[in-house]
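Before any comments, here is the structure.
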Amino acid sequence: MKMMRWALFFIIVGFASFEVQAAAAIDERFLIEINQKEAVGLDIQAATELALPILWKRIVPTENLEKAYTLPAVTSLVLQFKSVKHGVKLMFNSNQVRSFLAKYRIKMIGVYPSWNLSVFTLGFSDTDENLSHDLLNYAHGMADEFGFRLGPRGKKMQLIFAPAIDVYGQAVLHVDVQGAFSSDLLQQTDILAQGYDSYQLQDFLNQVLKDVRDAYSLGTLIFNESSSEILLTIASNDALATQVMMEQALTRHPGVVSVQPALLQKVRRQYRIELRDGDESWIVSWFAGYGLTAVKQPEGSAVNWLVE
């Protein structure tokens with residue numbers, strides 16, 4: 001009798017453990033809740049018709065979204081359906097959904113994008129910190145609608161927005177994307193802009209995050225948590241010849257693999273530098289030779305090094 005009780009105990013514990021693991025494995029993009037008064041009492045067909053456009057917006061790249069909206073509402077994609085107090089809840093079968101989209105030659109964002117996101121604005125006004133905070137809150141508001149999640153356990157991604165002037169003298173918004181991944185899709189870009197009010201910045205942020213999210217369907221994202229790339233800012237009003245000389249010397253340094261300008265302004269220049277073996281030990285003394293002071297910035301800052 002005692003043996004039977006122990007056996008029952010292990011069975012119960014085993015099922016509990018399985019349920020915890022299953023819950024942890026749930027991809028929340030495939031869980032759709034329709035909290036509308038008119039959704040109460042809907043059958044599975046009507047609920048699926050309402051839920052699928054929400055799902056497509058989360059898992060289908062932007063370029064294929066209009067095509068996905070025309071697909072039939074197939075109830076066989078639904079794994080679980082139940083009525084709740086304020087509407088209905090559906091869980092879609094991710095494998096069935098993937099096969100269904102493939103049938104119509106539509107790509108799916110297979111990996112659930114999860115980012116530890118930081119947003120910085122540089123050079124807009126004295127309220128840059130507040131503006132950065134507002135944009136980060138806006139990004140959190142986008143997460144559920146566009147199928148990504150933000151939190152400290154995600155892949156590190158940093159977005160830097162800064163006003164700049166292009167080579168033609170036009171005002172542009174410079175966007176720099178950094179993170180624990182390498183991708184040719186969007187590392188940096190300049191967007192023509194007449195002004196920089198908060199609504200415009202939200203639009204730009206919206207587009208950048210969707211572009212990076214869409215890249216998960218292309219197989220172009222290579223995650224690299226131990227990246228040896230740093231962002232270095234030089235804040236000094238040097239003559240153009242001095243700037244060019246310093247950049248060329250920096251490129252020739254044996255500890256440097258490559259130097260790419262990220263932002264060029266009159267009194268502020270940013271460079272994305274790939275280090276050989278991740279060695280930063282030479283930076284302070286090297287810039288001291290040019291009469292400049294290089295200071296390592298705290299974790300979570302907009303740049304890794306500030307040189308003045």
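The values are calculated or read from the model by the stated rules, or taken from the named source; none is laboratory data. Here the structure is a predicted model, which is why all the values come from computation and not from measurement. Here Cβ is always computed from backbone atoms with ideal geometry, including for glycine, and neighbour counts include all displayed protein chains.
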**Request:** May I ask you to list the residues in segment 144-156 that are part of a helix (DSSP H, G or I) and surrounded by fewer than 18 Cβ atoms within 10 Å (Cβ to Cβ)?
**Result:** Asp144, Glu145
**Message:** Return the pair list, or none, for Cβ contacts closer than 6 Å from residues in segment 140-157 that are in the same structural domain as Leu205 (by TED's automatic domain parsing) and farther than 17 Å from Ser217 by Cβ to residues that are assigned to a helix (DSSP H, G or I) and not aliphatic (A, V, I, L, M), at least 6 apart or on different chains.
**Reply:** Leu150/His140
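Report yes if Arg98 is part of a helix (DSSP H, G or I), within 16 Å of the chain's Cα centre (by Cα) and either closer than 26 Å to Gly154 by Cβ or in contact (Cβ under 8 Å) with a residue 60 or more places away in the chain (or both), otherwise no.
On the way: part of a helix (DSSP H, G or I): yes; within 16 Å of the chain's Cα centre (by Cα): no; either closer than 26 Å to Gly154 by Cβ or in contact (Cβ under 8 Å) with a residue 60 or more places away in the chain (or both): yes.
Here the answer is no, as Arg98 does not meet what is asked.
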**Complete:** Going through (1) on the phi < 0 side of the Ramachandran plot; (2) modelled with pLDDT of 90 or more one by one, Arg105 fails only at (1)
**Prompt:** Within segment 269-276, is there a residue that is in a strand (DSSP E or B), among the hydroxyl-bearing types (Ser, Thr, Tyr) and surrounded by 15 or more Cβ atoms within 10 Å (Cβ to Cβ)?
**Reply:** yes
**Complete:** The one condition Gly278 fails out of (1) at positive phi; (2) over 24 Å from the mean Cα position of the chain (by Cα) is (2)
**Fill in**
Filtering segment 175-215 for residues that are over 26 Å from Lys57 (Cα atoms) and modelled with pLDDT of 75 or more leaves a count of 0
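Let's see how each residue does on (1) outside any helix (DSSP H, G or I); (2) under 29 Å from the mean Cα position of the chain (by Cα); (3) surrounded by 15 or more Cβ atoms within 10 Å (Cβ to Cβ):
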| site | (1), (2), (3) |
| --- | --- |
| Thr242 | no, no, no |
| Ala249 | no, no, no |
| Val257 | yes, yes, no |
| Gln260 | yes, yes, no |
| Leu263 | yes, yes, yes |
| Phe287 | no, no, yes |
| Leu292 | yes, no, yes |
| Pro298 | yes, yes, no |
